[in-house]
Structures are given as structure tokens and as C-alpha cells.
Amino acid sequence: MQSAVRARRRLTGALVRAGALTDPAWIEAFQQVPRHPFVPRFFLAEMAGWVAVDSSDPGWLRAVYSDQVLVTQLDEDPGAWRTARRTGPVAGVPTCSSSMPSIMAIMLEELLVRAGHQVLEVGTGTGYNAALLSYRLGSGQVSTIDIDGDLVEQARIRLGSCGYRPRCEVRDGAGGFPEQAPFDRVLCTCSVSTIPPEWLNQTKPGGFVLTTLNRPIGAGLVRLTVGEDGTGCGQVLARDGRFMPLRAHRRSEPGRLLSKIQPNGAAPRPTPLSVRSTLNPASRFEFFAGLALPEVAPAFDPAAPDATFLVHADGSWARHFTDHDRNLVSQGGPRRLWDLLESAYSDWQDLGEPTRDRFGVTVTQDRQELWLDEPTSKYVWPL
């Protein structure tokens with residue numbers, strides 16, 4: 001399919017120009033490994049809900065080779081796509097996707113693989129990422145696991161059709177793949193709230209575990225170097241990556257928390273902080289904001305499209321909106337979340353406005369924590 005080859009080359013070029021791809025070996029992998037066999041059908045979001053798309057639809061190939069996430073499963077229901085195809089757009093929560101190619105490129109480069117490395121991928125998904133790893137290292141060096149048997153079987157078939165045969169097995173990702181351990185690298189293509197100790201125990205000392213943090217605000221890509229005793233220490237990386245969570249690490253949907261709050265008619269007040277400076281992943285403050293407000297999540301109310309909410313399971317909430325270019329906030333519940341955020345912003349300024357790459361992670365048998373600048377820092381937060 002010549003059009004797919006051209007589309008793949010255009011996508012690779014765009015990833016290079018964006019700085020997501022810099023390593024010649026990975027540039028070659030993205031040029032050579034097709035994406036379209038792994039996403040023959042998917043969902044696209046529209047106002048009415050999730051629309052089912054397949055290769056017979058205009059624009060399918062363009063979507064496949066664009067730098068966008070392609071949702072391939074809703075609510076763990078393999079029949080949802082057929083329902084949407086038959087009846088029209090459906091509601092649902094994404095439970096599997098083919099991630100944005102730029103995020104995949106960043107994560108694969110940060111894995112720092114070399115020839116001969118044995119790699120475990122946690123989260124097979126469509127199989128496209130395993131294909132890229134297999135192209136780079138050889139299928140015999142790659143193991144990929146997923147808790148969803150249907151996804152694993154589909155990925156195995158699609159990988160084989162492209163000439164790749166990594167080990168594809170059904171496993172709970174948090175438990176790793178002890179039968180194939182030890183690994184030089186463990187790559188998790190879903191986010192975790194804490195680092196599963198099995199990943200460290202199944203990685204060779206000096207090897208890396210690369211994953212993303214499952215935090216409602218201030219998530220980030222982390223790379224841990226594994227110690228002799230199953231501990232790990234490493235950095236939050238400057239290049240960011242975000243994935244849907246490992247199934248065992250999912251949190252309550254923010255919309256459900258929003259439905260439970262009890263607005264008390266609190267009068268809005270001006271605030272110096274904008275939502276963009278707080279919640280946008282490109283903001284230098286966003287990672288620190290997440291440290292200050294653990295378990296607090298952004299939420300959106302269709303009845304108030306111009307407002308952004310922060311909500312917590314304890315019933316605390318804040319509502320931010322703009323009026324004539326002024327940032328305004330109202331809040332309620334047991335804690336004043338926006339007051340805490342403004343205090344955190346002041347602390348962040350006093351610390352020299354640290355960006356995400358000044359933070360690190362330590363994992364031991366009895367604790368997992370984030371720290372600023374060095375593991376012995378006095379500025380420490382539980383992971």
C-alpha cells in the first residue's frame with residue numbers, strides 16, 4: 001500500500017521535526033513498521049459520543065498516520081465498536097488505545113536500549129509498540145503482556161502478519177513476567193500510582209524500569225535504575241508522556257466526584273492563577289501543583305462549559321472561570337483547594353520554580369517517594 005508508506009514517512013518526519021524522534025535507529029523503526037495493521041478499526045470522539053471508524057471510511061488512513069491517540073476499546077467491552085457501527089455514536093470510557101506516536105517515540109528513546117537487551121513491555125494493547133521494539137531488537141528479545149486475553153490474541157495475530165513474533169502472554173501487568181525474567185528493561189505503556197515491586201525484582205541490577213505516574217495532576221515519565229536489592233532510584237524525565245492507567249491502578253472518574261459535591265453558593269473571588277498555568281502539562285508549575293494536591297482531579301461540567309473544577313473524594317471542590325479576562329474562583333467542602341494551590345505556587349517560586357526534571361523517585365521495600373534535586377533532600381512527598 002504505497003499511500004500507507006508515504007503516510008508513514010510523513011508521520012516520521014513530523015515526529016523528527018517535533019523533537020520526539022532523535023535516535024537514527026528509532027527513526028528507521030518508525031519509517032519501516034506500519035501502524036495501520038494494528039488499528040484496522042477504532043473510535044474517534046465527536047460531540048455525540050464515540051464514532052466507530054474502520055478502513056472503509058474516508059480519512060481512516062490519515063487518522064492512522066496522524067500524531068493522535070486512537071481509542072480501540074471502551075469499557076473493556078469488545079462489542080462496543082460493533083454497537084457504535086450499527087446504532088451510531090456511543091458513550092464510554094477508553095480502556096485500550098494506540099497511543100500518540102510522539103509519546104511512543106519519546107518513551108522508546110528514553111528506554112536507552114542496546115542490541116542484546118531483553119525487554120518486557122507491560123500493556124500490549126494493539127501490539128504496535130511491541131512491533132517497534134521487535135524491529136529494533138529482534139522478536140526474540142521482546143516479551144509483551146496484557147491482562148486482556150482478547151487484546152493479546154489480536155496483537156499476536158497482527159504482529160505475526162507483519163513478521164514479528166515476540167512472546168505475547170496474558171498476565172496481570174503488575175506481576176510482571178517471572179518466567180522470562182530477568183530483563184534489562186521493563187517498559188510500562190500504562191501509568192501506575194506506585195511502582196510494582198515485581199518489576200524491580202525481575203530487572204537486572206543496573207537495568208531500567210520506565211513508566212508513567214498515574215496522578216490526576218502532574219503526571220510524568222520516570223526512569224528508575226534498579227539496585228542489587230530490588231530497590232530503584234531515578235528521575236522524572238524532562239520529556240513528558242501520559243498513558244491510561246494499569247487496570248488495577250484506576251481512580252474514580254472525576255465526573256463522578258463532581259456529581260457528589262455540594263456547591264454552597266460561595267461568592268467567587270479573584271485569583272492570580274489561571275487554569276492553564278496549573279493544569280496544562282506544558283506549564284512549569286503543573287508537576288509541583290500535583291504534589292501539593294494529591295488525589296485532586298480536574299473535572300468538567302457540561303452545564304458550565306466555561307468553568308474548570310478541581311474535586312476530591314472528601315467533598316472538597318474549587319470552580320475556576322474567567323470573566324472579562326479576570327481569573328475567578330469559588331470553593332467549598334472540608335478544604336479550600338484553591339487556597340492550597342495558591343500557597344503551593346508561592347512555595348514553588350521560593351524553591352526557584354523547579355521543573356519536573358528536578359524531581360526524582362526512590363523505591364525501597366518500605367517506601368516510595370518523590371524528592372526534589374537529590375534523594376537526601378528535605379523536600380520529600382509520598383508517591
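Bear in mind these aren't lab numbers, they're just calculated from the coordinates by the rules spelled out. Bear in mind that the values here come from a model prediction, so they are computed numbers and not experimental data. Here the Cβ positions follow ideal geometry from the backbone for every residue, glycine too, while neighbour counts run over all protein chains shown.
Output the number of residues of segment 297-320 satisfying the condition of being over 12 Å from LEU337 (Cα atoms), hydrophobic (A, V, I, L, M, F, W, C) and buried (at least 17 other Cβ atoms within 10 Å of the Cβ).
The qualifying residues number 2.
Within segment 94-144, can you find the residues that are under 19 Å from the mean Cα position of the chain (by Cα), surrounded by 24 or more Cβ atoms within 10 Å (Cβ to Cβ) and among the hydroxyl-bearing types (Ser, Thr, Tyr)?
THR124, THR126, TYR128, THR144
Sort through LEU44, LEU112, LEU74 and tell me the only one that's under 17 Å from ASN129 (Cα atoms), of a type in the set (A, V, I, L, M) and out of contact with any Asp or Glu (no Cβ under 7 Å at 6 or more places or on another chain).
LEU112
Mind counting the residues in segment 166-220 that are within 30 Å of TRP338 (Cβ to Cβ) and in contact with a Gly (Cβ under 6 Å, 6 or more places away or on another chain)?
Here the count works out to 5.
When you go through ASP67, ASP57 one by one, which is the residue that is in a loop (DSSP other than H, G, I, E, B) and within 24 Å of ARG242 (Cα to Cα)?
None of the others qualify; the one that does is ASP67.
Can you pull out every residue in segment 278-296 that is crowded, with 16+ Cβ neighbours inside 10 Å and without any contact (Cβ under 8 Å) to a residue 12 or more places away in the chain?
SER283
Of the conditions (1) farther than 30 Å from PRO78 by Cα; (2) crowded, with 23+ Cβ neighbours inside 10 Å; (3) in contact with a Ser or Thr (Cβ under 8 Å, 6 or more places away or on another chain), LEU159 satisfies every one except a single condition; which number is it?
Here LEU159 meets the rest and fails (1).
Find the residue count for segment 162-221, including only residues that are more than 19 Å from VAL142 (Cβ to Cβ), crowded, with 17+ Cβ neighbours inside 10 Å and of a type outside the set (Gly, Ala, Ser).
12
Which numbered condition in (1) within 22 Å of the chain's Cα centre (by Cα); (2) within 16 Å of THR225 (Cα to Cα) is the only one that ARG358 fails?
(2) is the only condition that ARG358 fails.
Looking only at helices (runs of 4 or more DSSP H) that lie completely in segment 272-383, which have at least 1 residues being more than 20 Å from ALA219 (Cβ to Cβ) and among the hydrophobic types (A, V, I, L, M, F, W, C)?
Filter on segment 272-383 gives 337-350.
Can you find, within segment 337-383, the residue that is surrounded by the fewest Cβ atoms within 10 Å (Cβ to Cβ) among those that are under 15 Å from GLY234 (Cβ atoms) and of a type in the set (Gly, Ala, Ser)?
SER377
Any idea which of GLU76, GLU46 is within 23 Å of the chain's Cα centre (by Cα), closer than 23 Å to GLY149 by Cα and of a type outside the set (A, V, I, L, M)?
Among GLU76, GLU46, only GLU76 is within 23 Å of the chain's Cα centre (by Cα), closer than 23 Å to GLY149 by Cα and of a type outside the set (A, V, I, L, M).
Within segment 75-186, which helices (runs of 4 or more DSSP H) (wholly inside it) include 2 or more residues that are charged (D, E, K, R) and more than 25 Å from PRO40 (Cα to Cα)? Give the derivation first.
Values: elements: 80-87, 101-110, 128-137, 149-161.
Qualifying helices (runs of 4 or more DSSP H): 101-110.
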